[in-house]
Structure formats: C-alpha cells, structure tokens
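**Q** Below are the structure tokens for one structure; questions will follow.
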Amino acid sequence: MSLGPIPEYLLPDNAASEAGRLAIGGVDVIELAAEYGTPLFVYDEQHLRARCREAVAAFPDGVAYATKAFLSQAMARLAWEEGMLLDVATGGELHVAQAAGVPADRLVMHGNNKSVAELAMALDAGVSRIVLDSFDELARIESLVAAGRDRPDVLVRLNPGIDVHTHEYLQTGIADSKFGFGVASGDAHRAIEMATASSAMDLVGVHAHIGSQIFLADSFSKAVGALAPFLNAHELDEVSIGGGLGVAYVTGESAPTITEWAESVQAACAEHGIVARVTAEPGRAIVARAAVTLYTVGTIKEIDSIRTYVAVDGGMSDNPRPVLYGSGYEAFLPRDVGADRSKTVRIVGKHCESGDVIVGDAAVPADTAVGDILCTPVTGAYGHSMGSNYNMVLRPAVVFVGDGDARLVVRREDYSDLTRRDVGV
C-alpha cells in the first residue's frame, strides 16, 4: 500500500505546513513534543470554538456538548463560553463541569444507572434537565423529592428500536439495549404516563440516542419518525435527537457537517408534524478532528516476509478505540507533512498485549526512523476520556494551541500520581 500525503480534511482547521513541518494554530508540533513530551494530545482551540458555534447556530433551540467525548475544565469552560449546554453522564463529569465554573442550569444529567448519590448531587446543584432512563431512576427521584429536594425537569429517554450502520458496541437505539425505555415493548408509553402523573418531576420532552459514528442522515430521520407519535400525543415541548454524528477518520471517508445533520433532523421533524423544540447533543463532531496525538517512535522491528512493527511510546492507554471497535486511523510524520507514505507498517503501543495496535496497516514514509515524532490525526474524541494507566503507563498531557501560543490544560502524570491513591497497606 502506498498513499500520498495525509489529506488536509483529516487535520484540524488551523493546521498548516511550514517549511514542510506541521504547525497547528501557528505552533510547530515537533517543538511541542520537545517541550511537553510524548504521547501528547494537541487541540486546535479555534477549531473547537468554531464547531461549538456551528452547533449553536444549527440547533437554535438548544444544543449540549456531550462531555464523554473529551472533558477537561478548559474544554467545559470553552463549550459554555461558546453558548453550549453540557451533557454530563456521571457524578464525576458533573463535578468537573462545575469545577470549571459552568452554571448548573447549563448542565443536562444523563446516565443509564444514576445512583441515588448522583441524582442527589444533580438535584442539589439544580441541573437544567435530568434524562430519565429507567423505572428505578424514576422511583429514586420521587424519593429524593419527597425528602425535600426541588422537583426537576425531565426528558424520558426512548429506545426507538432502530438498527444503524455502526459497530455493535456503538448501537444504543436497538431493542436489545441497556439504554432507555423501549418503544416496541410498551415501556416508553408507560414511562411517559408515570412521569406525567408524578408530582416529583415535570416532564418536558423526550430523548433518543440511536448510536455513535453514524454517517447516514436517514438514520436520524427514522428516529424522528419513531419519536413523533409520543411527542404529538402528549403535546410535549422538547425533543432531543441526542448525538452520534460520525466523522471521517481515514482517507476516503466523509461525513455530514453539523449544519447538514441539523437540517436533515429539522426537515424530518417538519415532515412528521413536530412543533416542539429540537435539541441535540454532539460530542465527537465537536472535538474529534480538532486534535492530533504525537508519539515518539521507540523501536522498528522488521519481520521478513511478514510485516514491519513500529512501536511508539503510547498505545491502548491513550487510544483504546482500535482495540475496542477495530477503529481505523491514519499516521504521518509531522517533520515532512507532504511526504508520500509508501511503506506499510503496523503501529503498535508499548503495552503487554498483542492487541495493542494503534493502526493495523499504516502507510508511513519509507524513511520513518527510531526517534521520529509520529502523528495520528482525528484523536480528539474518546482518547483522553477513555484512557487508562494499564502497565502503569503515565497518562499524556493535553495542550490547546492557537494564535501562535500553546497552553497546558492537562498536565502529564508523573510516577507519584500512580501511588497517590494507593494506601500501601
């Protein structure tokens, strides 16, 4: 396999080649690697802000950033500053958003198994919405309100039973799912009736999330069609289509823009006579292409007539998606952005797993060598947030770049962090 230079559409908005070297936001990434070490997540801050603004314009009735894609205090503050609400799914995500200074009334509380403590935390904070996901949760809210807490506004999460074209682990709207109330089973009707009748909550609308990494706008139109009878029958004021919009990760892929996605959803709502507020929760589409990950090549192992392994100083601890979903990525050398990528290699990490693969069949320049900085693009979503300390590998730093400056937003772990919670008994 031989490929040309890395396609520009896989790079952040403000990426450029300066004397052949990659710069993002006016900052040379090889210099960033020297200053902050590798692995390193580098985010184009203006790219992030532009996608947030696009989402706010595309969904004027309200749009929440799905923090599960990537969350830090800097990211939470940025999304809020640009007019987005924030979707938080755990007490931890709620805590980070509040620590960043995001007002509670700009938060939407999600999660399929919210504990009593997490619900109490959300109610005490005064979040904008709680997305109701089970009958157990409904009972927990009733108990908490009976104990003196204010009644929340809720959305009922419906499971429309739609099979979308994505990895099975990313399907969340099929009948066999841990998420939401099934439409086909009748649970959706029963949940809406119970929430409507409850004195402990105010039902304001319904919610659906059919999956992640979805490229076909028609899938969202089908979801709208499944939700329409509930909205129209109960005269509810809001429908959230959730998130899940796909992004291009490899050469030849393409995906709808946030604006195109919103237009298709709104057209489907009009077709089905929905007059409610239409909201959404993009995550990946906001952050994925905004970032690249930088690694240092540590070893190159040639196995005659089989393959070449290029091992880097990260791996499944900073990007578990290839291991979990078989996700595809590209790679290139930022010292020569325009170089042809004529050599096929397997890029692997440093973990004690044969499955620790970052790019199974990567095209890289033929002169790739030990000590090179290697870059994988479109790593802004579900890398940092799903990272781990497997093999006690230190988690990477995160920097935001823009206008020629870089700022550290998450410091690299050091060895003392590995024993900070270990009581040593």
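**Q** At pLDDT below 95, surrounded by fewer than 22 Cβ atoms within 10 Å (Cβ to Cβ) and within 20 Å of the chain's Cα centre (by Cα): does that describe GLY424?
**A** no
**Q** For ARG407, only one of the following conditions fails: (1) under 20 Å from ALA288 (Cα atoms); (2) basic (Lys, Arg); (3) surrounded by 16 or more Cβ atoms within 10 Å (Cβ to Cβ). What is its number?
**A** (3)
**Q** If we only count strands (runs of 3 or more DSSP E) wholly inside the range 329-383, which ones have 1 or more residues that are of a type in the set (Asp, Glu) and out of contact with any Asp or Glu (no Cβ under 8 Å at 6 or more places or on another chain)?
**A** Working: elements: 343-348, 357-364, 373-377.
The qualifying strands (runs of 3 or more DSSP E) are 357-364.
**Q** From the list ARG289, ARG307, ARG321, ARG284, which residue is out of contact with any Phe, Trp or Tyr (no Cβ under 9 Å at 6 or more places or on another chain) and among the basic types (Lys, Arg)?
**A** ARG307
**Q** Name, by its number, the condition in (1) within 17 Å of the chain's Cα centre (by Cα); (2) assigned to a helix (DSSP H, G or I); (3) not charged (D, E, K, R) that does not hold for ASN232.
**A** Unmet for ASN232, out of (1) within 17 Å of the chain's Cα centre (by Cα); (2) assigned to a helix (DSSP H, G or I); (3) not charged (D, E, K, R): (1).
**Q** Consider LEU78 against the criteria (1) under 30 Å from ILE130 (Cβ atoms); (2) part of a strand (DSSP E or B); (3) among the aliphatic types (A, V, I, L, M): it satisfies all of them except one. Which criterion is unmet?
**A** (2) is the only condition that LEU78 fails.
**Q** Which condition number in (1) in a helix (DSSP H, G or I); (2) in the same structural domain as GLN266 (by TED's automatic domain parsing); (3) of a type in the set (A, V, I, L, M) is the one that LEU32 fails?
**A** Evaluating LEU32 over (1) in a helix (DSSP H, G or I); (2) in the same structural domain as GLN266 (by TED's automatic domain parsing); (3) of a type in the set (A, V, I, L, M) leaves (2) as the failure.
**Q** Those residues that are in contact with an Asp or Glu (Cβ under 6 Å, 6 or more places away or on another chain) and crowded, with 21+ Cβ neighbours inside 10 Å, I need them from the range 115-163; list them, please.
**A** ARG129, ARG157
**Q** Tally the residues that are of a type outside the set (D, E, K, R), farther than 18 Å from LEU144 by Cα and over 19 Å from the mean Cα position of the chain (by Cα), restricting the search to the range 105-121.
**A** Looking only at that region, the number is 0.
**Q** Shifting gears a bit: Please enumerate the residues belonging to the range 46-75 that are assigned to a helix (DSSP H, G or I) and more than 16 Å from the chain's Cα centre (by Cα).
**A** Selection gives GLN46, ALA50, ARG53, GLU54, VAL56, ALA57, ALA58.
**Q** Could you list all residues from the range 328-349 that are surrounded by fewer than 19 Cβ atoms within 10 Å (Cβ to Cβ) and under 27 Å from the mean Cα position of the chain (by Cα)?
**A** If the condition is that a residue be surrounded by fewer than 19 Cβ atoms within 10 Å (Cβ to Cβ) and under 27 Å from the mean Cα position of the chain (by Cα), then GLY328, ARG346 are the ones that fit.
**Q** Same structure, new question: Within the range 245-298, how many residues are within 21 Å of the chain's Cα centre (by Cα), among the charged types (D, E, K, R) and not in a helix (DSSP H, G or I)?
**A** 2
**Q** Among the residues in the range 391-409, are any of a type in the set (S, T, N, Q) and on the phi < 0 side of the Ramachandran plot?
**A** No.
**Q** Only residues that are at positive phi and more than 24 Å from the chain's Cα centre (by Cα): list them for the range 175-204, please.
**A** From the range 175-204, those at positive phi are 180, 186; that's our starting set.
GLY186, the sole residue that qualifies.
**Q** Only one of (1) touching a residue at least 40 places away in the same chain (Cβ under 8 Å); (2) buried (at least 16 other Cβ atoms within 10 Å of the Cβ) is not met by VAL323, so which one is it?
**A** (1)
**Q** Select from the range 1-28 the residues that are without any contact (Cβ under 8 Å) to a residue 12 or more places away in the chain and within 19 Å of LEU40 (Cβ to Cβ) and list them in ascending order. Let's see the steps before the verdict.
**A** Just the residues of the range 1-28 that are without any contact (Cβ under 8 Å) to a residue 12 or more places away in the chain, to begin with: 8, 16, 18-19, 23, 28.
Within the range 1-28, ALA16, GLU18, ALA23, ASP28 qualify.
**Q** Let me ask something additional. Out of all the residues in the range 40-97, which are farther than 30 Å from VAL393 by Cβ and touching a Cys at 6+ places or on another chain (Cβ under 6 Å)?
**A** GLU82, MET84
The values are calculated or read from the model by the stated rules, or taken from the named source; none is laboratory data. Here the structure is a predicted model, which means the values were calculated and not measured. When we count neighbours, we look across all protein chains shown, and the Cβ atoms used for this are built from the backbone with ideal geometry, even at glycine.
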